[in-house]
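Working notes, beginning with the structure itself.
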Amino acid sequence: MIRRLRKTTVLTYHDSITNLPNRFRFQELCRTALVRAKRQDASVGVLFVDVDHFQTINESLGFALGDELLNAVATRLRETLGDAHPVARLLADGFGVLLEDLGNNTAELAAIADQILASFARPLVIGGRPHYVTVSIGVGVFPQDGNDPDELLRSAESATGRAQDAGGNSYMFYSHELFALAVEALHLRNGLRQAIERNQFHLGYQPRVDVSTGRIKGLEVLLRWNRPESGVIPPAKFIPIAEQAGIIDTIGDWVLRESCKQMVTSNLIQNIVSVGGARVVGGSIPLIDWLLLLLQAESLAAHNKEKQRRPN
């Protein structure tokens, strides 16, 4: 009796070809995620992933190899996304991905969609032979594109259709506004990874004045990103993206090192310096100790260069 109940449960909630959760189970997972998101004032993303030209592929390979293809697509999605994001088979050649813990970050949805597209650049082995397939992805976002699982899935499926109409092998957001924001954030995210090596970051110094005496009591270091494609980008726009991308500590380290170097070479070392956005610095070393260590290193380096320039 217990075995029969377990088998019935598996059949009710799982797809027999891919062993993924089915549409019914996916809607349940989505419904639970929406309850959590409403409580936390967060976003939930639903991706609808559809195999491009599946009917043609299925007819040319035959139904048995068509099922093998679907299983290979399911495996590729699971390998790409890991256990963090549930994957389900929703339709014949349509798969769903549920994305939680996004805060209000649509850039992460775009990055995951890009990751899925890139994963299918490698061939799938079907019937012992490599086959290249592409997918199209539609993105629905709670609460903008729907307040319940059915509405979100309809939005995501509609966006998938637009992606396929545009030629496939791409992703689309149901909301044009969210799509534009996500693409912009993704471009900034990619650009941030190259900004340091391309010398696109610059430091400015803002005097801090003692209002009782009118004298300058120190300087505040301000970080600016001068991006050739779009001009100067303020920290309020790119710092949150750097935090989400996990490169904020690298940028913070550069700011401290560069400000210390400039302090030494410009004789600003006597001034009190506050690093604007000091929260970007991670690690266990207190900020003031880190600054002192860097100042000592830069002072020593400048002193050695000066000695080398002096005639013997």
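Remarks
- Among the residues of segment 37-75, those identified as closer than 25 Å to Ala111 by Cα and out of contact with any strand residue (DSSP E or B) (no Cβ under 8 Å at 6 or more places or on another chain) are Lys38, Gln40, Asp41, Ala42, His53, Phe54, Asn71, Thr75.
- If you go through segment 16-38 and keep only what is more than 10 Å from Ala88 (Cα to Cα), of a type outside the set (Gly, Ala, Ser) and part of a loop (DSSP other than H, G, I, E, B), you end up with just Ile17.
- Glu184, sole failed condition from (1) charged (D, E, K, R); (2) under 27 Å from Ile112 (Cβ atoms); (3) surrounded by fewer than 16 Cβ atoms within 10 Å (Cβ to Cβ): (3)
- Number of positions in segment 89-141 that are touching a His at 6+ places or on another chain (Cβ under 7 Å), touching a residue at least 40 places away in the same chain (Cβ under 8 Å) and over 12 Å from Val44 (Cβ atoms): 1
- Among residues that are assigned to a helix (DSSP H, G or I) and not β-branched (Val, Ile, Thr), Asp114 is included.
Yes or no, residue by residue, for (1) at pLDDT 75 or above; (2) out of contact with any His (no Cβ under 9 Å at 6 or more places or on another chain); (3) charged (D, E, K, R):
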site: Glu229; (1), (2), (3): yes, no, yes
site: Pro240; (1), (2), (3): yes, yes, no
site: Asp253; (1), (2), (3): yes, yes, yes
site: Ile269; (1), (2), (3): no, yes, no
site: Ala278; (1), (2), (3): no, yes, no
site: Gly283; (1), (2), (3): no, yes, no
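The values are calculated or read from the model by the stated rules, or taken from the named source; none is laboratory data. Quick caveat, the model's predicted, so the values are computed rather than measured. We place every Cβ from the backbone using ideal geometry, glycine too, and count neighbours over all the protein chains shown.
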